[in-house]
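Each remark here refers to the structure printed beneath this line.
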Amino acid sequence: MRNCRQDLTMPRRSATRCRARAVGRVLATLAIVAAILAVILPVSNNSAAVAVKAEEFKICAQSGFCRRHRAWADLRNAFDPNSATPIDVPKWTHATIVAADTNHAKKGEFRARLRTHVAAHAGQAAGNVDLAITTLARGMVRVQVRDASLDKVFDVPAVALVKPTPDVVPHQVVSRDGGATLVVEGGVEVRVQYAPLRIEVVRGGDVLAVVNDRALFRFETGATIPVPAKKKEENKVPEVVEGGAQPAQEDLAASSAAAVAEDPELKWIQIDHDGAHEEEFRSHKDTKPNGPRSFGFDVTFPETAHAYGLAEHAADFNLPSTRGPGAKYADPYRLYNLDVFEYNLDSPMALYGSVPLVITQGDMGSAGVLVMTASEMWVDVARPVENQLATHWMTESSPLDVIFMTGANAAAVHGEYLALSGFPTLPPLFAMAYHQCRWNYNDEADVRAVDAKFDEHEIPYDVLWLDIEHTDGKRYFTWDKVKFPTPDKMLDNLATKHRKMVTIIDPHIKEDSEYRVSAEATKQGLLVKNAEGTGDFGGWCWPGQSNWIDFTDPKARAWWAAQFAFDQYLGSTPTLFTWNDMNEPSVFTGPEITMPKTVQHHGGLEHRIVHNAYGMLQHRATHEGHLHRLANQARPFVLSRAFFIGSQRYGAIWTGDNLAEWSHLEAAQPMLLSLTASGIVFGGADVGGFFGNPDTELLVRWYQAAAFQPFFRAHAHIDTKRREPWLFDDLTTRRIRDAVRRRYRYLPTVATAFWDAWAQGTPVMQPLAWAFPEDKATWSIQDTFLVGKSGVLVAPVTAAGATTRDVYLPGKSNVWYALGDASFALLAGGKTCTVAAPLDEIPLFLRGGSVLVTRDRLRRSAEPMLTDPVTVTVALDAGGRAEGHFVVEDGASFAYLDGAVVDVAMRMSGGEFRANVAVPSTTRDADAPAELVSQKRTIAVNETAHAKFMARFGDVRVERLVVVAPSAFERGTVAEVLDKDSNIVKRVPVESQLGGRMVVVKEPGFHLRDAAWTLRLVKA
C-alpha cells in the first residue's frame, strides 16, 4: 500500500430482457424478414464486433426543435457586447414580463404575462403566455409557463409526484427597480427581473441558480414568424438532408454569425422555420398536427462545476460538457426512452429511461432543477468559465413546469427531490439477494436442473427468471403448455426452498382475437389509438403484429393490474413476480424503434407528450397488480427497463443491454451512480454482460462488484454460451461462489441500506460526493461507492489483469480499515492508496467510526437467514468512537407499518458499547390519503403485531461482537455485560487478534427481545 499506512496512535485504554432486442426491426415483408434473420444470427464471441446501429437514432441535427434551440443559442453566443463591432440582438428576441401580479403572495404565487419572441415580433399580445412562480415548502421554487390556448396537456405532476400539487408556502414581496423579490422564511429568496426576464433562486444570500442568465428562453406556441418573401432565398440556414451528411453544429454557428452580420433579424426569423412543421426520419413522417410547441430555457449555476443526474446515459457521473470550453460531446444529452441495444459507452445518446433532473455540488451550497415534462428533451451542459455551470434545456412539448431545490449539499437536494417524487419502495428481502437469469431457461426440467445445481455447488440464490420463450407464442400471462405444463408445481417446488421466480410481461399484446388478453383490451378500448384516433395502433414486436396497452388511461392501468390475479394469470402463485421489458415502448416498425409521436392516448393526447412516462406507468400498474393480488399483504417486486420521475416508488431498474467487455463493467459504476442521483436507488447491471461471452476473469470481477450493488442479477443473451457458476473450472466456480456468498453474508447491512433509502432517502449505492461533501476530491469520483450509511467502501476492479488498484479514501481525519482481505490493515483518509487486488478479492474498506452487521451461516436463500445470529463489527475511529444501526423486519410484508420491526441503534465510546432496540420512529411527511400501502411512511405501533413479531424474532442474538481499533488494547482486557441499571451481569473472556488491535467477544448475551445492550471492555 502506497502512502496509506495509518500512523495514528491511540492511548491504551480499557477499550476502543432478460435480453436485448437482438432481432432487428421486424416487418411483415419477406425482404425485412430476411434482414431480421441476418441480424438474429448468433452473437459473435468477439464482443467488440457488437455495436449500436447509430443510424437508427437521431442526433440533434436531425431533430427540428433541437436544431432551432441550439441555433438560437448560437446567435446569443455570437453576441459579444465588448466587441469593437458588437452584433445586434433584436429586442423582440428577449423574453419579457409585460404584466406582473404580486397580489397573491399569501397563496405563494407570483403571476405574470410573458411576451414570447413571436408575439413581440408581431407587436401583438396573442402569442403571450402565462408565467407563474410559486414558493413551495422545504425551500423549493416552482416556475411554470403555459400557453392558455393549449387545451390538451399531459399532467406530469399527477403521475410523477407524490402530491400532484406540492405544498405551497406564502412569501413577502419586496419591490425593486424593474422587478420584485419574493422572500420566504428560512432564507430562500426569488429575485425576478422583468425586462429581460431573469429569475434568481437564492439560499442564505447565495445565488444558486439563475433562469435565463444567457437569454435562451424560447417558447413556441404553434405559430412561426413569417419570412419576408424577397428574403426567403437569402442567407438560409444549412439544410439537413435526410440520408445525407448532416451539418456540424460548428458549421451552423459559423453560418449564423455570418448571416447576423449581413441581416441580423432575418437569421433569427429563419430559425423559426427550420423543421418547424412536418419532418421525416428514415422514411417515417412526423406531421406535427399541432405545429411547433417546444420550449427552451437556460439555467446557470454559479460557484460550481459539478453536476449529476440526467439519467439515463452511459456517461461520467459528473456530467461532461457538451458545449463551450472542454466540451467532450458534440451533441446534447438526449432524454427520450428508446430500445438501444448494444449501446455505446461515453455518449450522450438516449437510452431506456429519462429523469430530467440535475443536481449540483458547489462551494456555496447545492441546487437541483427538475423539469416536469414527458416529451423528448435535449440538455446542453457547459462550463463557460471556471467554477460555473451553464445548462440549456430544450424539450419538444409545452407547458414548462420546473421545480428548483436548494440545500447545503447534493445529498440534501437529493432528499428534497425524493420528498417530491417519492421515497423508494421497500423491496422484499429476496429481491435484495442474488437473481439467476438468462434468455431463456428452456423448460421445467431445465429449471429443476439449474435449481439443483445451485444446491449441489452450495451457492445461494433467491430468484430464477424466465424470458419470453416461456410463453405461448409471446402471449403474456400465458405459459408454453409443452415446455411448462405445470407452472404452479414448478413454482411450489422452488418455494419449498424459499425461492421465487420472475416471468417477463411486456406492454405489447399479440393481435389475436382468440387470445383473452388481446380480446379484452380491444373490446374495452384500452389500447393506444392510431394517429387519427379511429382505430387501435398496430406495430411489430416479439409476437409479430401487436397492439399496446394505453397506460396513460387509468382504466387501462386498473385492468392491467387485475390481470395479475391468480384466476386471471393461470399457473401463477404468490411466489411469482414480474419483469416489464420493452416498455420505452419498443416498436420494431416505428421511428427510432419506438411509437410514432402522432398516435393517440387517453383524452386524445399525442404520444409525443407522454412518451417518457409510458414505461413508468406500466411499472406502476404492474406494481399495483402485485399489491392487489394478495390484498396488500405482500411487498411487490417488479423490474422495469424504462423509467421516469417517480419510478423508484415501484421497484427496480437495470441498465439494459450491456456487453461482456471490461469497459461495460467499468461503466456500470457511473451509470448506477447516475441512477442514484436521479432517485433510482434500486438499480443494477447484467452481471457478465448481456451480449457476448465473458472470460473467467471478467466474470469473476463482475460478480465481485455486483455483489455490493443494489440489484444483483446475472443475465445473458439467448445466443451466448451458458454461464451458470458451475460451468467453469473449479477455481472460477469457487471465486463466483465466494462473491455470491459475500452478498448473503452482508445482507443485514444491505437490507438496512434499503430501509434507510425507504425511510430517509439515503442511497443504497451511495456516491462518495453525497457522504463526504466537505472533501472536494470526492466530487468527481465514480469508480468507488459506499453501501448505504454502513461505512463500507467498495472499489471494484475493472481492468483485465489487474492485481492492484488505486483507491481514494475520503476524509483527512478519517481512519479506514482494509476489509476485503479481512486484515483490517489501518489506512489514512484523504489519500489515494495503491492496494492489493488479487483475483480472489475485491478491495473493501470500513470507515473508522462505523458498525458493520453480518450473518455468517450459509443458507440456500435469504429468508431462512432472518432468524440466524449476527456478527457485529465495531470499527473505532481515532477517538475510540463508533456508531451504526441495523434493522430487522420480516422482509416480506408491510407489517413494519404496524410496528413489526426493530431498529438496533449501536454506539461505542470510552470502551463502552451500547445499543438501544426499539421500533424506529418516523420523521417523514405525513402519508397522503390516497397513497398505496407500499408508499406509506408512518409507523403506528400495533401491540399485537409487535408482539407477534417479537415472538418470531426476539431470540435473534449477537453471536460475536468484534471491536477493532487503530492501536492495541491493553493486555488482559475482558468484557463486562451490564443490565439496564448498569449492574454487571457477567464477565466474558475476549479473544485478542491482530496484535491486540482486535478483540472478539463470543456470545455476549444480546438478543432482540432486550430493550438495551451494554458491554464494557476493561482490564481484568
Projected area averaged over all directions for the convex hull of the alpha carbon atoms of segment 917-1020, nm², comes out at 9.8
One would report the Cα pair-distance distribution of segment 976-1020, bin width 5 Å, in %, as 5, 21, 28, 23, 13, 8, 3
Computed D for segment 843-1019, Stokes-Einstein, Kirkwood radius over alpha-carbon pairs, 37 °C, 0.692 mPa s, to the nearest µm² per second, is 186
So for R0 = 51 Å, FRET eff. of T696-D206 from the Cβ-Cβ r, to 0.05, ends up at 0.45
Given unit charges at Cβ for Lys, Arg (+) and Asp, Glu (-), the dipole magnitude of segment 429-786 about its Cα centre in debye, nearest 20, is 700
Fewest-first ordering of L961, L345, L182, L844 by Cβ atoms within 10 Å yields L345, L844, L182, L961
Ranked from fewest to most other Cβ atoms within 10 Å of their own Cβ, K267, K497, K980 fall in the order K980, K497, K267
Classified through the alpha carbon gyration tensor (a ≥ b ≥ c as square roots of its eigenvalues; rounded if a/c is under 1.5, else prolate when a/b is larger than b/c, else oblate), segment 733-892 comes out oblate
Whole-number value, in Å³ per residue, for the convex hull of the alpha carbons of segment 524-660 is 135
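For segment 429-786, what is Rg from Cα atoms divided by 2.2 N^0.38 Å, rounded to two decimals?
0.99
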If unit charges are put on Cβ atoms (+1 for Lys and Arg, -1 for Asp and Glu) and the dipole of the chain is taken about its Cα centre, the option from V638, A882, L617 lying farthest towards the positive end turns out to be A882
Computed about the Cα centre, the charge dipole of segment 843-1019 from +1 Lys/Arg and -1 Asp/Glu charges at the Cβ has a magnitude in debye, to the nearest 20, of 580
Given the candidates Q568, I509, A751, the one whose Cα lies deepest towards the positive end of the charge dipole of segment 429-786, counting +1 at each Lys or Arg C-beta and -1 at each Asp or Glu C-beta, is A751
So for segment 639-758, using the alpha carbon gyration tensor with a ≥ b ≥ c as root eigenvalues (a/c under 1.5 gives rounded; past that, a/b versus b/c decides prolate or oblate), I'd call it oblate
Charge dipole of the chain built from unit charges on the beta carbon (Lys, Arg +1; Asp, Glu -1), centred at mean Cα; most positive-end Cα among L698, G326, F845 is F845
Relative contact order of segment 843-1019 (C-alpha contacts under 8 Å, at least 6 apart) in percent is 22
One finds the C-alpha centres of segment 518-548 and segment 404-424 to be spaced, in Å, by 39
From the Cα centre of segment 790-804 to that of segment 858-916, the distance in Å is 26
The ratio Rg/Rh over the Cα atoms of the chain, Rh being the Kirkwood inverse mean 1/r radius, stands at 0.98
Computed for the chain: size of charge dipole around the Cα centre, +1 on C-beta of each Lys and Arg, -1 on C-beta of each Asp and Glu, debye to nearest 20, value 2240
One finds the C-alpha centres of segment 262-296 and segment 89-147 to be spaced, in Å, by 24
Where a ≥ b ≥ c are root eigenvalues of the Cα gyration tensor, a/c under 1.5 meaning rounded, otherwise prolate if a/b exceeds b/c and oblate otherwise, segment 481-541 counts as prolate
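We did not get these values from a lab; they are worked out from the coordinates using the rules stated. The shown structure was predicted, so the numbers you read here are calculated from the model rather than taken from an experiment. Cβ: placed from backbone, ideal geometry, glycine included. Neighbour counts: every protein chain shown.
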